[in-house]
Amino acid sequence: MTIHPRAPKDPRSILPGLIPDESELTAGVKIEAGRQYGFFTDTTLCIGCKACEVACKEWNALPAENLTLTGMSYDNTGALSANTWRHVAFVEKVRDGKADGTMLMPPFQSHWKMMSDVCKHCDNAPCQEACPTGALFRTEFDTVVVQQDICNGCGYCVPACPFGVIDLSHFDGKAHKCTLCYDRLKVGLEPACAKSCPTNSIQFGELSELHERANRRVASLHDQGAHDAYLYGAPETPGATGGLNHLHAFFLLTDRPEVYNLPSHPSRGANRVLPSLIAGIATAIVLTGAAFGFLLTTL
Amino acid sequence: MATPAGKIPTYYGRPAIKPSLYGWIVALYIFVGGLAAGVQIMVTAAELLAIPGSGNVSFVGRAIALALAIFGGILLIIDLHTKSRFYNMLRIFRPTSPMSIGTYALIGFGFWSLVAFIAQAVGASLIGLVCGCFAAVTGWWMASYTASLLAATATPLWAAAPKLLAVRFAASALATGAAAACLISLGVSANPGLPRAFGNLGALALFIQLVASIGSAAIYRKVGVNDPLQGWPWGPLYIAGVQLAGILAPLVLYVLANFFHGAGTTFWLIASGLALCGGLLMRAVVLLAGNASARRPEDYFSFAQERG
Ligand code: SF4
């Protein structure tokens, strides 16, 4: 990490208000409307501290839920939901599929893989393409947000999301998900989760720059012998498939996507609309024609 | 990628996607919407050809189609989780969203059905017929879009065979419409040719539905998403209730009605009743088994694999 040249100029610890373009100091990027922003989540750096989950709940004032133990791992959050917009997955590689219980995983990883999951802010976002009210829209930062004053809770975005992210709240009957801190971006603040991440596993930035950074990271990991590292959701990688051009929140993974509860070839549901409509309407037309035929025999 | 394809891992067997929140209300709507469209198409065809006795049939049929369209709209509003904002559906038209397409299909269908019914009621039968034709054409959308709606989700059982799902839904809409038209003709028309024609059309529609469902089952097995349709509780219900009692039995009865002239009426009555129940049950099983399939990560991951 380098210290931004602007930082020494403002040494005060109590501030009168927002620092203009604070994200420049915390994430090295200026936030401007009309550009594309996103998250690069490097799972090799994740230590499972859940600071992102806490920061997200705090900033967005999201209520607690599931106050029980799942009993399956240190993951007691379980899944993303209407009230949980960051979720750290804990994958414990106890046996690695070998019957004798030996491990294939290098010891430095302590038999754990962790990943902070989040809304992918898909390019061609299936949730947004499904939304009949226009409540789901694409912001000036190219992220995907639900407008709470428009959503009427039809719930169609819920099964439309190929990553199981968006969910309906039974408290208010609206759909909720990560906004990529739309309110913070508007005032030049880095999203809460990325800012709170102590290992920089979650990196916020401009998408093109993040892609370059991520590719460099993969190359460097390959050089260090971690040949299983690859990107998920960057253009032309797994996750950016089936009509999804790329995911604004993309990941560096070291095992197959399903291990992290991600599909290896998600697809855009809108591509299935026209073929099925045509097939259905053609069937209806043929049968209407047949009805004329059968009715004519009665004359 | 790291590991070659083998058995697909899951994350502690937890769901990878969220099931829809749709339940029996939406299943009932899909049935009701398809039935309304089917009846409208059937009676309008009969009236267009000026079949003797079709006047009464089309009047009753139009009344039923209109009532069902209104009922369907109410069902959809009831299913919203913020009902007071139902009119937000009309803020935009989004061609990528079958929910949006369907909103306008239902409104168009309801509008033309209403005008057709009123015109016929006041004796303007030509206007009634023209508007009935418009309603019937919007009915083609009504009969099909619900399949697009399910197919455009990530739910494996709905998305794996989008075209065949639409063929099944549209065929079922026309089959239930023919069944209703058959019952109406038995009730209000003296022409025995009408129930026979509707019955035979019903048989053809059921046959298409049967073939399409067998074809889609083959795709589901290939893609690896068929388990919810085989296991408890949807498996037995699907085979016994939908395929045998809801499709095959009425199909056979409709065909037999052509040969046993004395028992025709009984056959038509039973076959139409079975076809109607089968249409409702088919939608319910597809919907609920689909929700079950979304909860199975193995099914979703198997669906979301690259295929050549
Ligand atoms: S991950 Fe799901 S909720 Fe997020 S943008 Fe994509 S489709 Fe929408």
Q: Per DSSP H run of n ≥ 4, the term is -39500 (n - 2.57); total these for chain A, divide by its residue number, and report the mean residue ellipticity at 222 nm rounded to 500 deg cm²/dmol.
A: -7000 deg cm²/dmol
Q. With chain A treated as a Gaussian network of Cα nodes joined by springs under 10 Å, which of A:Thr288, A:Thr143, A:Thr254 yields the largest mean-square fluctuation?
A. A:Thr288
Q | In order through segment B:78-89: 3J(HN,Hα) via Karplus (6.51 cos²θ - 1.76 cosθ + 1.60), integer Hz, x for Gly, Pro | A | 4, 6, 5, 8, 10, 4, 5, 9, 4, 5, 5, 4
**Q.** In order through segment A:35-46: 3J(HN,Hα) via Karplus (6.51 cos²θ - 1.76 cosθ + 1.60), integer Hz, x for Gly, Pro
**A.** 9, 9, 10, x, 10, 10, 9, 8, 5, 5, 9, 6
Q.
Run the reach check for B:Lys83 against aspartates and glutamates, Cα to Cα strictly under 18 Å, same-chain hits fewer than 8 apart removed. What comes back?
A. A:Asp149, A:Asp167, A:Asp172
Q. Summed for both chains, how many Å² of accessible area, to the nearest 100, are buried between A and B with a 1.4 Å probe?
A. 6600
Q. For A:Arg138 and B:Tyr87, FRET efficiency with R0 = 22 Å and r from the beta-carbon atoms, rounded to 0.05?
A. 0.40
**Q.** FRET E, pair A:Glu236, B:Ile107, Förster distance 41 Å, beta-carbon r, rounded to 0.05
**A.** 0.45
Q) With a sphere of radius 12 Å drawn around the Cβ of B:Gly128, what net charge do the other residues whose Cβ falls strictly inside it have (Lys, Arg +1; Asp, Glu -1)? A) 0
Q: Could you work out which residue, out of A:Glu190, A:Glu140, A:Glu209, moves most in a Gaussian network model of chain A, that is, has the largest mean-square fluctuation with Cα springs under 10 Å?
A: A:Glu209
Q. Per-residue mean of other chain beta-carbon atoms within 10 angstrom of the beta-carbon, peptide B:157-167?
A. 5
Q. Applying the Karplus parametrisation 6.51 cos²θ - 1.76 cosθ + 1.60 with θ = phi - 60° to the phi angles of segment A:275-290, what ³J(HN,Hα) value in whole Hz is obtained for each residue in order, glycine and proline being reported as x?
A. x, 6, 4, 4, 4, x, 5, 4, 4, 5, 5, 4, 5, 5, x, 5
Q: Pick out which of A:Pro162, A:Pro20, A:Pro257 has the largest mean-square fluctuation in a Gaussian network model of chain A, springs linking Cα atoms closer than 10 Å.
A: A:Pro20
Q) Given H placed on each backbone N at 1.01 Å, which residues far from A:Ser116 in sequence or on other chains put an amide H within less than 5 Å of it? A) A:Ala89
Q: Take the Cα coordinates of the protein assembly as shown, assign each an equal point scatterer, and use the Debye formula without solvent to give log10 I(q)/I(0) at q = 0.09 Å⁻¹.
A: -0.74
Q: Kindly work out what percent of the DSSP beta bridges joining two residues of chain A are antiparallel, to the nearest 5.
A: 85
Q: Excluding residues fewer than 8 places away in the same chain, name every one of the aspartates and glutamates whose C-alpha is closer than 12 Å to that of A:Lys186.
A: A:Asp21, A:Glu22, A:Glu32, A:Glu140
Q: Calculate the translational D of chain B in whole µm² s⁻¹ from Stokes-Einstein, where the hydrodynamic radius comes from the Kirkwood formula applied to all Cα pairs, the temperature is 10 °C and the viscosity 1.306 mPa s.
A: 79
Q | Per-residue average of Cβ from other chains inside 10 Å of B:43-52 | A | 3
Q: With all distinct Cα pairs included, what does the Kirkwood hydrodynamic radius of segment A:22-267 come out to in Å, to one decimal, could you say?
A: 18.5
Q) Of A:Lys9/A:Lys50; A:Lys195/B:Lys18; A:Lys113/B:Lys7; A:Lys177/B:Lys18; A:Lys120/A:Lys174, which pairs sit farther than 23 Å apart, going by alpha carbon to alpha carbon? A) A:Lys9/A:Lys50; A:Lys195/B:Lys18
Q. Under a Cβ-Cβ cut-off of 15 Å, what is the net charge of the residues other than B:Asn56 that fall near it, where Lys and Arg count +1 and Asp and Glu count -1?
A. 0
Q.
What number comes out for accessible area per residue over chain B if the probe is 1.4 Å? Units Å², please.
A. 37
Q) In percent, how large is the relative contact order of chain A, given Cα pairs closer than 8 Å and 6 or more residues apart? A) 23
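The values are calculated or read from the model by the stated rules, or taken from the named source; none is laboratory data. Note that the coordinates shown come from a computational prediction; the quantities given were computed from them, not determined experimentally. Reconstructed Cβ throughout: ideal geometry from the backbone, glycine too, with neighbour counts over all protein chains shown. Protein only, heavy atoms only, side chains kept; ligands, DNA and RNA dropped before computing areas. Shrake-Rupley method; radii C 1.70, N 1.55, O 1.52, S 1.80 Å.
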